[in-house]
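Here is the structure we will look at, set down as structure tokens.
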Amino acid sequence: MKRLRVSITAHGREGDIHPMYGVLTRAPFVERATALQWNFTGDALGILHYVEGDADAFAAAADDVDAVVGYDIEPVDDGAFYVYVRDATTASLAELFGPVSRGGLVVVPPIVYGADGTVTLTVFGPDEELQAAMGEVPDPIEVTVEAVGSLATSRVAPTARLTDRQREAVEAGLDLGYYDVPRTADHEAVADALGCAPSTAAEHLRKAESKLLRAVLGGE
């Protein structure tokens with residue numbers, strides 16, 4: 001068993017993989033997007049995303065994409081939201097997901113969309129199946145292997161369990177002194193750094209701390 005950390009880049013016009021690909025990677029109203037969970041059935045793809053950006057502009061863009069079967073947005077704060085998008089499968093999308101769905105490969109979330117048009121993900125599986133899958137990627141898509149490792153040395157980092165906003169809250173807390181002893185900043189200072197309400201910052205911190213502790217102590 002091997003672990004591959006790969007970056008995927010679509011060449012050509014937006015939508016070579018799927019019309020929503022361009023929205024998530026290149027739209028000016030999306031600052032950062034991460035796919036948290038998904039389900040590919042062959043004729044449809046449902047993905048839960050965490051997005052930092054303008055929810056209204058995202059909804060308007062999704063409404064204009066014929067391949068979007070439906071979506072549901074749940075705001076987190078003024079600058080972030082969760083969105084579940086159900087997409088009809090395009091030919092390129094089927095070619096990309098086909099090797100994973102047919103074989104014994106496992107894609108481990110999160111999948112991170114980059115502002116430069118790249119998508120970064122981790123894949124586990126038998127060596128021969130990983131090699132075959134890389135060879136079946138369609139022409140408009142370029143795959144770059146960022147790292148290769150074994151299953152025994154591939155423990156998922158506890159921070160991988162955090163949403164982008166939770167990670168930012170913890171990082172802000174560390175920078176500001178929220179975790180210093182004695183504490184030199186409170187959750188209101190973290191809220192100012194994140195540009196959100198103090199109650200929202202406190203919620204991000206609590207959820208992040210819970211996930212990190214459970215990951216480190218083996219609770220999940």
Checklist entry - Considering only the other residues whose Cβ falls under 15 Å of the Cβ of Trp38, what net charge follows from Lys and Arg at +1 and Asp and Glu at -1? => result -2
Checklist outcome for this item: Expressed in nanometres to one decimal, the distance between label points 7 Å along Cα→Cβ at Ala60 and Ser210 is 3.6 nm
Checklist entry - Cβ under 12 Å from Leu121's Cβ, Leu121 left aside: what net charge do those residues give with Lys, Arg +1 and Asp, Glu -1? => result +1
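The numbers here are math on the coordinates, done by the rules we state, and not lab data. Please read these numbers as outputs of a predicted model, since none were measured by experiment. Note: ideal-geometry Cβ built from the backbone for every residue, glycine included; neighbour counts use all protein chains shown.
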